[in-house]
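The values are calculated or read from the model by the stated rules, or taken from the named source; none is laboratory data. Keep in mind that this is a model prediction, so the values were computed, not measured. Note that we place each Cβ from the backbone using ideal geometry, even for glycine, and neighbour counts take in every protein chain shown. When the accessible area is computed, the model is the full protein with side chains, heavy atoms only, and any ligands, DNA or RNA have been set aside. Shrake-Rupley method; radii C 1.70, N 1.55, O 1.52, S 1.80 Å.
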Amino acid sequence: MRTKGADLITEYLIANDIPYVFGICGHGNVGMLDSLHAARDRIKLVSPRHEQVAAHMADAYFRVRHQPVATLTSCGPGSCNIVMPLALAISDSSALLAITANVPTSQFNRSPFQEINKHFQADFPNIIRPVVKRSFQPTRVDMLPLSLRQAMTTMLSGRPGPVNLDVPFNVFQEEDDVELPPPAPPLNSTRSGASPDEIAACVDWILAAERPVLFVGHGVTLSEASRELTTFAHRLGIPVISSPNGMGCLDMTDPLALGFIGRNGAYPANEAGRRADLVIAIGARFDDRSASSWLPGYSWNFPHTKLIHADVDPEELGRNYPPDIGVLADARTFLQQLLAEIDRRGGKGNNLKAWHADIKKSQEAWQKFTAPNFEVHASPIRPERIVADCQAVLPPDAILCCDVGVSHNWYMQFWKARRPQTMLNSWGFSGMGFGAAGALGAKLAHPDRPVVAVTGDGCFTMVPHVLCTAVEYNIPVVWVIWNNFGWVSIRDIQLGMFGGRELGTMFHEGPNNKPYNPDFAAWARATGVEAMTVTKSQDFKEALEHAIKTNKPFLLDVHVDAEVRPPSTGAWQLPPTPYKNQYLASVSCPMPLQ
Ligand SMILES: Cc1ncc(C[n+]2csc(CCOP(=O)(O)OP(=O)(O)O)c2C)c(N)n1
Ligand SMILES: [Mg+2]
């Protein structure tokens with residue numbers, strides 16, 4: 001059928017049940033916009049004020065729904081603005097289809113307006129190459145069906161991630177005789193499993209272990225293995241450590257849930273990790289922050305501890321710790337296989353009484369050490385109070401969008417996610433603005449659930465125009481601004497490493513050096529968003545309840561004490577600085593390290 005390129009793209013998005021395109025106009029993509037206009041009853045364009053926000057929104061949408069949406073940006077600068085959020089998405093295995101426009105093919109290599117061509121014509125794919133699974137550049141309409149099918153399939157298969165479709169201006173406009181390709185299989189349509197020998201060997205080890213621990217990551221969330229994980233952990237009594245994007249796969253109020261590991265982890269998780277005799281890591285990677293920079297004895301103790309490591313991505317097996325058994329498998333399939341083999345062998349686990357007693361001891365010690373500060377009311381507010389009140393106010397299905405910085409450290413350490421896909425973290429790339437912007441995408445993914453972004457004053461100031469988008473499209477998100485008047489997470493590293501000197505990490509007003517920030521609440525009101533400033537901890541809970549209840553976009557500017565630091569229960573080293581000399585070495589855990 002004779003079809004315009006842009007119409008074929010639009011129809012393919014619709015055929016794949018993609019309800020939204022998050023995008024920003026430019027001369028390069030007006031052909032695509034016109035096609036979206038014609039299909040506006042079936043697919044909706046949401047146009048934020050910065051391309052970074054569009055991609056964070058798409059990323060967050062995928063994380064909570066496990067269904068992708070597309071972004072649309074123009075040629076040149078507009079598309080260059082999505083490099084950071086795509087890097088963030090690929091680091092955290094999040095899928096989105098980034099449709100970028102390019103210059104007309106007949107102008108390739110002539111340096112037309114906004115062409116990147118120093119080394120190759122229309123070279124945007126080379127700009128974007130390291131931050132996507134694949135970039136496709138169909139240069140004729142008859143190339144579109146294959147590119148579209150391959151792009152969508154690549155994005156969702158194996159370890160999901162962003163994919164780029166780079167479309168020259170004329171390819172949107174021109175017509176050809178083309179057929180719509182079949183829709184791509186949705187996420188998790190293809191699942192790989194372990195071999196029978198691997199399963200037998202894993203179960204031998206699991207049943208023989210005296211101090212086993214599970215370490216689960218985003219792979220468990222992505223494969224939707226929460227039920228299998230919970231059954232497996234309960235059946236064998238194996239405690240569960242979680243990476244931030246694996247949180248909630250086991251309800252974190254479960255006594256077997258130990259929380260996050262690493263410097264900003266929970267003490268029981270680090271204790272269990274470093275004392276375990278067997279670690280079963282599933283869909284998790286041992287990055288520096290979840291492995292105390294690989295310093296032995298802080299979070300983990302490999303090779304002294306045995307390691308079973310299962311992942312869909314072979315590159316993660318053995319990247320940092322060579323596994324004793326490496327299994328290339330989907331998390332849910334692997335857990336199902338383990339459960340079936342355990343059933344076959346009588347269904348019982350090892351006697352772990354002594355291990356459970358150790359774990360309980362560390363949980364009680366952590367509770368005793370941390371609990372008193374959760375009760376302290378102060379102005380500026382103690383961080384623990386904010387975490388506690390969010391926990392008290394938000395229902396289990398609420399979605400928390402974390403940004404980067406000190407606030408995130410507190411939430412990683414103390415937030416109890418009740419369900420998978422409810423706590424979104426920019427983990428691998430830690431790009432500022434993800435929480436504040438992603439919340440808009442998360443809310444569109446689940447309009448019926450409360451969505452709260454906890455974002456630093458620094459993070460929010462990078463994307464303040466999210467307020468305009470919330471008003472324009474009536475997206476009732478609540479932003480909690482963790483306002484400590486500076487880039488405090490970096491200030492603390494600077495103070496610790498360089499004898500207390502500070503430069504460029506706090507916000508000051510002019511010559512009198514007073515702490516400075518805009519009046520965030522006034523700023524929000526100026527955009528049409530309701531807002532409150534909260535300076536006393538006693539007021540925060542009610543303010544948050546009110547903000548959620550209004551069911552309108554709402555900003556809470558919360559003044560938090562910048563001098564209260566999260567306890568460090570592991571380590572984080574930045575070579576060549578010797579670990580012991582760093583501020584970060586203040587290991588303030590209640591029991592000595594091994
Ligand atoms: C886009 C981006 N720029 C810079 C950084 C480096 N960085 C990490 S945390 C941080 C400070 C965050 O400040 P804020 O949001 O106020 O949080 P705080 O640490 O004060 O709680 C900076 C600058 C980053 N991660 N991402
Ligand atoms: Mg700050």
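Summary of computed values
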item: Stokes-Einstein D in µm²/s, Kirkwood radius over Cα pairs - the chain at 37 °C with 0.692 mPa s viscosity; result: 131
item: Antiparallel bridges, percent of DSSP beta bridges restricted to the chain (to nearest 5); result: 10
item: CD proxy at 222 nm, helix term only [per DSSP H run n ≥ 4: -39500 (n - 2.57); per residue of the chain; nearest 500]; result: -11000 deg cm²/dmol
item: Heavy-atom accessible area order for Ile116, Ile199, largest first, 1.4 Å probe; result: Ile116, Ile199
item: Between the stretch 466-491 and the stretch 80-109, the alpha-carbon center distance in angstrom; result: 25
item: Unit charges at the beta carbon, dipole of the chain: most positive-side option, Thr73, Gly500, Ser157; result: Gly500
item: Flagged links, alpha-carbon separation over 28 Å, of Lys306/Lys348; Lys44/Lys118; Lys443/Lys541; Lys4/Lys118; result: Lys44/Lys118; Lys4/Lys118
item: The stretch 505-544: Rg to Rh, with Rh as the Kirkwood radius over Cα pairs; result: 1.09
item: Hull shadow area, averaged, the stretch 465-517 [alpha-carbon convex hull, nm²]; result: 5.1
item: The stretch 538-569: GluC sites (Glu not before Pro) falling in loop per DSSP and having at most 12 other Cβ within 10 Å; result: Glu563
item: Chain lengthening between Lys416 and Tyr579 when straightened (0.36 nm per residue, less Cα-Cα); result: 55.7 nm
item: Size of charge dipole - the chain - debye, nearest 20, with Cβ of Lys, Arg +1 and Asp, Glu -1, no other charges; result: 960
item: Equivalent ellipsoid semi-axes - Cα gyration tensor, the stretch 520-562, angstrom; result: 18, 14, 6
item: For the chain, the longest site-free run once trypsin sites (Lys or Arg not before Pro) in DSSP loop states with at most 15 other Cβ atoms within 10 Å are removed; result: 349-500
item: Rounded Å value of the spacing that divides the Cα centres of the stretch 153-226 and the stretch 346-414; result: 31
item: Inter-site label distance for Ile14 and Asp313 at 7 Å from Cα along Cβ, in nm; result: 3.5
item: Accessible area (Å², per residue) of the stretch 252-383, counting only protein heavy atoms and a probe of 1.4 Å; result: 42
item: Dimensionless Rg/Rh of the stretch 146-273 - Kirkwood Rh, Rg from C-alpha atoms; result: 1.17
item: Percent of Cα-Cα distances greater than 17 Å, calculated over the stretch 332-376; result: 60
item: The stretch 140-192, relative contact order [Cα under 8 Å, separation at least 6], %; result: 51
item: Cα-Cα P(r), the stretch 1-92, percent of pairs per 10 Å interval; result: 17, 49, 31, 4
item: Additional length obtainable on full extension of the chain from Leu207 to Lys552, 0.36 nm per residue less Cα span; result: 119.0 nm
item: His234 accessible area, assembled protein chains, probe 1.4 Å, Å²; result: 100
item: Cβ-derived FRET efficiency at R0 35 Å, Thr253 paired with Phe498, nearest 0.05; result: 0.30
item: Kirkwood Rh in Å, taken over all unlike Cα pairs in the stretch 388-519; result: 15.7
item: Reachable lysines from Lys360, criterion Cα separation under 19 angstrom, eight or more residues apart if same chain; result: Lys368, Lys416
item: Square roots of 5 times each gyration tensor eigenvalue, C-alpha, the stretch 394-470, largest first, Å; result: 18, 17, 9
item: Percent RCO, i.e. relative contact order, over the chain, from Cα pairs under 8 Å lying at least 6 residues apart; result: 14
item: Alpha-carbon spread of the stretch 368-407, three principal axes, descending order, Å; result: 27, 22, 20
item: Gyration tensor (alpha-carbon) shape descriptor, the stretch 249-345, a/c threshold 1.5; result: oblate
item: Estimated D of the stretch 41-196 in µm² per second, where Rh is the Kirkwood radius over Cα pairs and Stokes-Einstein applies at 4 °C, 1.567 mPa s; result: 80
item: Contact order relative to length of the stretch 1-88, as percent, for alpha carbon pairs under 8 angstrom and 6 or more apart; result: 35
item: Between the stretch 235-314 and the stretch 1-69, the alpha-carbon center distance in angstrom; result: 38
